[in-house]
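Novice: The structure follows.
None of the figures in this text is laboratory data; all of them are computed from the coordinates on show. Predicted, not measured: the structure shown is a model, and the values here were computed from it. Positions of Cβ are backbone-derived with ideal geometry, glycine not excepted, and every protein chain shown enters the neighbour counts.
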2 protein chains.
Amino acid sequence: MTDSAGEAPSAPSSDNALTRKLARLAPLGDADRLALEGLEHSAEWIAPGARIMAEGEPPTAIRPLLEGIACGHKDFRDGRRQIIALLLPGDICGGHGRLRAPMDHGVRALTRARVASIPADGFAAILERHPAIAEALHKAALVDQAILRAWIVNLGQRDAHERMAHLFCELAHRMEAGGLQRDDSGFRLPLTQQELGSALGLTSVHVNRVVKRLRTETLIDLDHGVLRIHDLPRLEVLADFDPAYLSN
Amino acid sequence: MTDSAGEAPSAPSSDNALTRKLARLAPLGDADRLALEGLEHSAEWIAPGARIMAEGEPPTAIRPLLEGIACGHKDFRDGRRQIIALLLPGDICGGHGRLRAPMDHGVRALTRARVASIPADGFAAILERHPAIAEALHKAALVDQAILRAWIVNLGQRDAHERMAHLFCELAHRMEAGGLQRDDSGFRLPLTQQELGSALGLTSVHVNRVVKRLRTETLIDLDHGVLRIHDLPRLEVLADFDPAYLSN
DNA sequence: CGGTTGATTGAGGCTGCTCAAAAGGTGTGG
DNA sequence: CCACACCTTTTGAGCAGCCTCAATCAACCG
């Protein structure tokens, strides 16, 4: 919605989050970077809680997240909901490109978020003219696969405590890798316990009890949408966390 | 291992499973098809139960599955195991290409399987010279993502019966789409109940009870590694199955 | 035929769910 | 500034789906 203040006249003429992420995956030339920066024009601000992509929506545009946090989710008719992914700046929200199939899940902003929008045909042209970008996006899809696999393992094999710990470890590492706020003061994680439950396959009631215990054990703190990890190493042991899958 | 008989002097000069799958994802020219057929040379037979890719293995080659069934899995030190994917002919077993990161999971043959092997550098050359193949592989990765997401939803939100039903529905549809045996006589699914449990996040004991009930309700039959679906529509209702995510 | 692996069944227990209610926070309007 | 509504967090009590432990049975194999 808003567009008002804040957001500064931009950092040191810096690249946006998408460019930074793709550059980590494949060497980008100046022309590639320029093409990516051009996408800024299409960016719009989305209000916290607002929908970014609807399930069933045709992929007429690909939509990279430039700032903020979003989540992908699949809703059941009966009210059940599974959160499928947490998206950080640089991640692609939807219309991943080239596929004709409609979105198999929805995407919602968790914070105020800035999202670009590249029409599918313009996007095809970019991929053709910039093979390095195509390569980087392909690799990004493969890294996303690894994240999805880790999520499966989490849901399938770990109990509630390990599960939550693992999710928090993953987020800490991804935020750090993305150069996002990861001072020891914690980071923004604007999920209600209800939503955290939807991500972990747990009830909000049980989430509350698990958070309480992790807090008691001085591993974490979670208040007003701010997650503070007090002892990452110990949390990683609890979660049996191995960050290898997050690297390229 | 063996290489003996069977497998005929090849079907009507037909394409292999990989070519067929990629052709469904992007229009392939004759040169593209030729390049893909060339991979046949590198194909080798793998014994049922044998390892195709080890977790931690560097991705020195990409390995498409040409015939047979395989599964991706992640093992814990303490014996827990999560099966992450069931791979059908045309699927990529590992070394998905271009990424430097070592395999985050292992891959095992479930039946006797034929697997090609393309050295990473030769593969890079193919992608460069055949953008249509690169495009198809990118799309394949996106479809695989959708399958992984469905797997997450399955583990996170459904109870044991729905879960198993959903897995069987997915397999039926994927086999059909791949042109594999899907006569009403059922198809080969050489998973022990133990392994089925590893896929579904359940104990073998519980798997047994769930199978028993699905059998009693005349929905399916599962014997000696052959799954027979008696009433797919009813199974899909039970699983709340929507095949949309499997299409391109 | 013994040995091994997988399917099946029983009994009991625990994790995580359901139902329910109270308490804390926040925004709105009077 | 209080009253009220609404949402989220927190806590309690009871229940059940799935697990654990354990034993029996069935199939396959050298």
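Novice: When the dipole is taken about the Cα centre of the protein assembly as shown, and only Lys, Arg (+1) and Asp, Glu (-1) are charged at their Cβ, what size is it in debye, to the nearest 20?
Specialist: It works out to roughly 960 debye.
Novice: Right, something else. Pairs of Cα atoms under 8 Å, at least six residues apart: use those to get the relative contact order of the stretch B:158-246, whole percent.
Specialist: Result for the stretch B:158-246 is 38 percent.
Novice: Peptide A:198-205: average number of partner chain Cβ atoms within 10 Å per residue?
Specialist: Working: counts 2, 2, 1, 7, 1, 0, 0, 0.
Per residue, the number of nearby Cβ atoms from other chains is 2 on average.
Novice: Okay, next question. Does anyone have the angle between helix B:204-216 and the longest principal axis of chain B? Alpha-carbon axes, 0 to 90°, nearest 10?
Specialist: For helix B:204-216, the angle is close to 70 degrees.
Novice: Select from A:N154, A:N16, A:N208 the residue whose mean-square fluctuation is largest in a Gaussian network model of chain A (Cα-Cα springs shorter than 10 Å).
Specialist: For chain A, modelled as a Gaussian network with Cα springs under 10 Å, the answer is A:N208.
Novice: Follow-up question, since we're still on this one. Tell me, what is the percent relative contact order of the stretch B:17-141, built from C-alpha pairs under 8 Å that lie six or more residues apart?
Specialist: Contact order relative to length: 37 percent.
Novice: Moving on. Just flag the chymotrypsin sites (Phe, Trp or Tyr not before Pro) in the stretch B:98-196 sitting in loop per DSSP whose Cβ has no more than 13 other Cβ atoms within 10 Å.
Specialist: none
Novice: Amide H of B:C93 versus every other amide H placed in the peptide plane: which residues, excluding those fewer than 5 positions away on the same chain, fall under 5 Å?
Specialist: It is B:R63, B:L65, by chain and number.
Novice: Which pairs in the list A:K139/B:K21; A:K139/B:K74; A:K74/B:K139; A:K212/B:K139; A:K21/A:K74 are over 31 Å apart, alpha-carbon to alpha-carbon? All intermediate terms of the calculation are to be shown ahead of the outcome.
Specialist: Working: A:K139/B:K21 20 Å; A:K139/B:K74 21 Å; A:K74/B:K139 21 Å; A:K212/B:K139 43 Å; A:K21/A:K74 26 Å.
Beyond 31 Å: A:K212/B:K139.
Novice: Quick check: Cα centre of the stretch B:65-138 to Cα centre of the stretch A:142-200, how many Å?
Specialist: 25 Å
Novice: Right, something else. Dipole of the stretch B:17-141 (Lys/Arg Cβ +1, Asp/Glu Cβ -1, origin at the Cα centre): which of B:A141, B:G79, B:H105 lies farthest to the positive side?
Specialist: B:G79
Novice: Please report the relative contact order for chain A, taking Cα pairs under 8 Å with a sequence separation of at least 6, and give it as a percent rounded to a whole number. Mind showing how you got there, number by number?
Specialist: On the way: 415 pairs, mean separation 47.5, N = 248.
Normalised by residue count, the contact order of chain A is 19 percent.
Novice: Still on this structure, I have one more. Quote the charge dipole size of the stretch B:102-248 about the Cα centre in Debye, to the nearest 20; the model charges only the Cβ of Lys and Arg (+1) and of Asp and Glu (-1).
Specialist: Numbers: 17 positive and 19 negative charges, 77 e Å.
Charge dipole, the stretch B:102-248, about its Cα centre: 360 debye, nearest 20.
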